[in-house]
Amino acid sequence: METQRAIRMVDITKTFGQVVANDRISLDIYPGEILSLLGENGSGKTTLMNMLSGIYLPDSGQIYVNGNKVNIRSPKDAYALGIGMIHQHFKLVDVLTAAENIVLGLNEHRLIDLHNVRQRVKEICDRYGFAVDPDKKVYDMSVSEKQTLEIVKVLYRGADILILDEPTAVLTPQETDKLFVVMRNMKADGKAIVIITHKLHEVMEISDRVAVLRRGKYIGDIATKDTNPQQLTDMMVGRAVSLNIDRPEPQNKQERLVVQGLTVLDAEGVKRLSNVSFTAYGGEILGIAGITGSGQRELLEAVAGLQAIQPGSSICLHTADGKETELVGKSPLEIYKLGVGLAFVPEDRFGMGLVGSMDLVDNVMLRSYKSGKSMFTDRKTPKALAQKIVDELDVVTPGLNIPIRRLSGGNVQKMLVGREIAGSPSLLMTAYAVRGLDINTSYTIYHLLNEQKAKGAAVIYVGEDLDVLLELCDRILVLCAGQVSGIVEGRKAKKEEVGLMMTHLGKEAQAYAQDA
């Protein structure tokens, strides 16, 4: 007898203007199963799940829940049907407690008894293995605690079908293991779970079945036990793709960036970096690891002249011609005018790196418009460079004159990285350069970073995937709570060791650090 489907999606189509995000997709989801949804950026994964969770309405097609045809017109409708989605960017109110966030928006017509809420939360936690303090404020929570709260929130609302979008993106290996234990407990309780992720090793570890989308179309599904990462990659991309990250040995290493005693306070006077010291060498990739909020962003922004730096700190940049330049006290414009070859790919692509409403050429011009010799800006050179980036990096775009916000995340990132490396930098800093990108695009970015390394640039790579850091980087600097927990050799370090250092477990973590 066939197992009863929890969800049946039939011929689902969704378009945005002329773009077909989902093209007649049919997908089944079963209770007591963990389904991984795979696909390149722009393949339609999140769009499909957004229709299931009530954020978008399908243009055509039918959705059945437990055998009944339904119309899901809002997240409230989805919750009423037992469907809850945990988004990559959490939907929590920082100043409220966990219990208050859980009941927020329930629109109950009676006074909410927080004592009963706490008791219900405890029951959910005991049942699945969560650890949530109902009275803890969200702003005091770690990233892992916030994600746990989001899952408890949808379970409190009665969800039997859970959709998790990139759930491990900002977790340490230890936190990921805990999440997987909870997911297995929910599966054992009959919950249907869909996980959207690009991490194939996690797909192989946690899922029972994998469904693959490509360019808005459903390619097929396969039992996880009957497949492997290479086959899944080929299904996603439509051709054979190598899964090996190159890591050539550093050649002619030279001091490029020397940071000593770097201390940074935020606007409220909270110390974000404390006495950070390290050296980055030309011809190597230096990885920066740490849980979210450990000071990675402040470190790169301090080097780029975007953070106020405390007295006694030093940031010295050595260029290939032997010139030494102290960057402390200089603005980004002053650093640019020095011509020291510093390039920065920030975490916030549109907030700091690009302007979404401007076209590709104008975004390339952001780096060069000050170089004009007359009152008129030169558009010919940036246009040629934009076309070169599009051609060489295989950027999918209808043309150079469309707003860059209309490109997919992977194509936006290709344009940003391509623009920054066009000037042959001495120091290239990247913050989460492959966050949310598919495997094919990610490997393109890794190749670009290795090209800069081969040219003698010092590459600083801030990443959240420890497997990639350990495969790509020559050395890895580990930050915890704004301090250097240690520096390890990328070729020798173990994932669990770096994970311990990220959580700063005192001497146990320090024992794994190798002074570089």
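The values are calculated or read from the model by the stated rules, or taken from the named source; none is laboratory data. Note that the coordinates shown come from a computational prediction; the quantities given were computed from them, not determined experimentally. No Cβ is skipped: glycine too gets one built from the backbone with ideal geometry, and neighbour counts run over all protein chains shown.
What's the number of the only condition in (1) over 27 Å from the mean Cα position of the chain (by Cα); (2) part of a helix (DSSP H, G or I); (3) of a type outside the set (A, V, I, L, M) that Gly269 fails to meet?
Answer for Gly269: the failing condition is (2).
Quick grid of which residues meet (1) modelled with pLDDT under 90; (2) out of contact with any Lys or Arg (no Cβ under 9 Å at 6 or more places or on another chain); (3) closer than 22 Å to Gln296 by Cα:
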| residue | (1), (2), (3) |
| --- | --- |
| Asn411 | yes, yes, no |
| Lys414 | yes, yes, yes |
| Ala422 | yes, no, no |
| Leu427 | no, no, yes |
| Tyr443 | yes, yes, no |
| Ile460 | no, yes, yes |
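Which members of the stretch 187-208 meet the condition of being in contact with a Lys or Arg (Cβ under 9 Å, 6 or more places away or on another chain), closer than 22 Å to Val132 by Cβ and surrounded by fewer than 22 Cβ atoms within 10 Å (Cβ to Cβ)?
Asp189 - this is the single residue of the stretch 187-208 that is in contact with a Lys or Arg (Cβ under 9 Å, 6 or more places away or on another chain), closer than 22 Å to Val132 by Cβ and surrounded by fewer than 22 Cβ atoms within 10 Å (Cβ to Cβ).
Could you run through the stretch 1-29 and say how many residues are exposed (fewer than 15 other Cβ atoms within 10 Å of the Cβ) and within 16 Å of Gly82 (Cα to Cα)?
1
If I filter the stretch 276-286 for residues that are in contact (Cβ under 8 Å) with a residue 24 or more places away in the chain, among the acidic types (Asp, Glu) and either under 18 Å from Pro425 (Cα atoms) or in contact with a Gly (Cβ under 7 Å, 6 or more places away or on another chain) (or both), do I get at least one hit? Can you show your working first?
As a first pass, look at the stretch 276-286 and keep what is in contact (Cβ under 8 Å) with a residue 24 or more places away in the chain: 276-286.
If we keep only those that are among the acidic types (Asp, Glu) as well, we get 284.
So of that shortlist, the ones also either under 18 Å from Pro425 (Cα atoms) or in contact with a Gly (Cβ under 7 Å, 6 or more places away or on another chain) (or both) come out as 284.
Checked the stretch 276-286: at least one residue is in contact (Cβ under 8 Å) with a residue 24 or more places away in the chain, among the acidic types (Asp, Glu) and either under 18 Å from Pro425 (Cα atoms) or in contact with a Gly (Cβ under 7 Å, 6 or more places away or on another chain) (or both).
Of the residues Asp126, Asp140, Asp165, Asp160, which single one is closer than 24 Å to Met501 by Cα and of a type outside the set (Ser, Thr, Tyr)? Please lay out each step first, then the result.
Details: Asp126 fails: closer than 24 Å to Met501 by Cα; Asp165 fails: closer than 24 Å to Met501 by Cα; Asp160 fails: closer than 24 Å to Met501 by Cα.
Only one candidate passes the filter, namely Asp140.
Results for (1) under 26 Å from Gly238 (Cα atoms); (2) in contact with a Gly (Cβ under 6 Å, 6 or more places away or on another chain), shown as yes or no for each residue.
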site: Thr15; (1), (2): yes, no
site: Tyr30; (1), (2): no, no
site: Gly44; (1), (2): yes, yes
site: Tyr79; (1), (2): no, no
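Give the stretch 253-265 a look and list any residue that's among the charged types (D, E, K, R) and out of contact with any Asp or Glu (no Cβ under 8 Å at 6 or more places or on another chain), or say none. Explain how you work it out, then say what you get.
Of all residues in the stretch 253-265, those among the charged types (D, E, K, R) come to 253, 255-256.
Glu255, Arg256 - these are the residues of the stretch 253-265 that are among the charged types (D, E, K, R) and out of contact with any Asp or Glu (no Cβ under 8 Å at 6 or more places or on another chain).
So if I check each of Gly261, Gly269, Gly220, Gly283, which one is within 30 Å of Ser313 (Cβ to Cβ) and surrounded by fewer than 13 Cβ atoms within 10 Å (Cβ to Cβ)? Before the answer, list the steps.
Working: Gly261 fails: surrounded by fewer than 13 Cβ atoms within 10 Å (Cβ to Cβ); Gly220 fails: within 30 Å of Ser313 (Cβ to Cβ); Gly283 fails: surrounded by fewer than 13 Cβ atoms within 10 Å (Cβ to Cβ).
Result: Gly269 is the single residue among Gly261, Gly269, Gly220, Gly283 that is within 30 Å of Ser313 (Cβ to Cβ) and surrounded by fewer than 13 Cβ atoms within 10 Å (Cβ to Cβ).
When only residues in the stretch 286-325 that are among the small types (Gly, Ala, Ser) and touching a Lys or Arg at 6+ places or on another chain (Cβ under 6 Å) count, which is farthest from Pro248 (Cα to Cα)?
The initial filter retains those residues of the stretch 286-325 that are among the small types (Gly, Ala, Ser), namely 287, 289-290, 293-295, 302, 304-305, 308, 312-314, 320, 322.
Now narrow it down to the ones that are touching a Lys or Arg at 6+ places or on another chain (Cβ under 6 Å): 295, 305.
On the way: Gly295: 28, Gly305: 31 Å.
So, considering only residues that are among the small types (Gly, Ala, Ser) and touching a Lys or Arg at 6+ places or on another chain (Cβ under 6 Å), the one farthest from Pro248 (Cα to Cα) is Gly305.
Six or more apart or on different chains, Cβ atoms under 6 Å: show the pairs whose first residue is in the stretch 252-272 and in the same structural domain as Val484 (by TED's automatic domain parsing) and whose second is surrounded by fewer than 12 Cβ atoms within 10 Å (Cβ to Cβ) and not charged (D, E, K, R).
That search, which allows pairs on different chains as well, returns Gly261/Gly312.
Of the residues that sit in the stretch 238-266 and are out of contact with any helix residue (DSSP H, G or I) (no Cβ under 8 Å at 6 or more places or on another chain) and assigned to a strand (DSSP E or B), which one is nearest to Ser142 (Cα to Cα)?
Ranking the candidates gives Leu265 first.
Residues checked against (1) in contact (Cβ under 8 Å) with a residue 40 or more places away in the chain; (2) of a type in the set (Phe, Trp, Tyr); (3) in contact with a Pro (Cβ under 7 Å, 6 or more places away or on another chain); (4) outside the structural domain of Gly295 (by TED's automatic domain parsing):
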site: Val132; (1), (2), (3), (4): no, no, no, yes
site: Tyr156; (1), (2), (3), (4): yes, yes, no, yes
site: Ala159; (1), (2), (3), (4): yes, no, no, yes
site: Leu162; (1), (2), (3), (4): yes, no, no, yes
site: Val182; (1), (2), (3), (4): yes, no, no, yes
site: Ile195; (1), (2), (3), (4): yes, no, yes, yes
site: Val203; (1), (2), (3), (4): yes, no, no, yes
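Taking strands (runs of 3 or more DSSP E) that do not extend beyond the stretch 61-174, which have at least 1 residues that are buried (at least 17 other Cβ atoms within 10 Å of the Cβ) and β-branched (Val, Ile, Thr)? Walk me through it before giving the result.
Values: elements: 68-70, 83-86, 161-165.
It comes to 83-86, 161-165.
Please go through the stretch 187-214 and give me each residue that is out of contact with any Phe, Trp or Tyr (no Cβ under 9 Å at 6 or more places or on another chain), β-branched (Val, Ile, Thr) and over 19 Å from Gln88 (Cα atoms), ordered by number.
Val210
Restricting to the stretch 454-474, name every residue that is surrounded by fewer than 23 Cβ atoms within 10 Å (Cβ to Cβ) and more than 19 Å from the chain's Cα centre (by Cα).
Matches in the stretch 454-474: Ala454, Lys455, Gly456, Asp474.
What single numbered condition from (1) at pLDDT 90 or above; (2) touching a helix residue (DSSP H, G or I) at 6+ places or on another chain (Cβ under 7 Å); (3) among the charged types (D, E, K, R) fails to hold for Asp221?
(2)
Going residue by residue through the stretch 31-44, is there one that turns out to be within 25 Å of Pro167 (Cβ to Cβ), assigned to a loop (DSSP other than H, G, I, E, B), over 24 Å from the mean Cα position of the chain (by Cα) and not assigned by TED's automatic domain parsing to the domain that holds Thr397?
The first filter runs over the stretch 31-44 and keeps only residues within 25 Å of Pro167 (Cβ to Cβ), leaving 31-44.
Retained after the next criterion (residues that are assigned to a loop (DSSP other than H, G, I, E, B)): 31-32, 40-44.
Filter once more, so that each one left must be over 24 Å from the mean Cα position of the chain (by Cα): 31-32.
Subsequent filtering for residues that are not assigned by TED's automatic domain parsing to the domain that holds Thr397 retains 31-32.
Yes: one or more hits.
Would the stretch 440-450 turn up any residue that is surrounded by 19 or more Cβ atoms within 10 Å (Cβ to Cβ), in the same structural domain as Thr325 (by TED's automatic domain parsing), of a type outside the set (A, V, I, L, M) and not in a helix (DSSP H, G or I)?
Scanning the stretch 440-450, I find no residue that is surrounded by 19 or more Cβ atoms within 10 Å (Cβ to Cβ), in the same structural domain as Thr325 (by TED's automatic domain parsing), of a type outside the set (A, V, I, L, M) and not in a helix (DSSP H, G or I), so the answer is no.
Considering every residue within the stretch 451-461, establish whether at least one is touching a Cys at 6+ places or on another chain (Cβ under 8 Å) and assigned by TED's automatic domain parsing to the domain that holds Glu301. So that I can check it myself, show each step before the final result.
We begin by selecting, within the stretch 451-461, every residue touching a Cys at 6+ places or on another chain (Cβ under 8 Å); these are 461.
Still in the running and assigned by TED's automatic domain parsing to the domain that holds Glu301: 461.
Yes: one or more hits.
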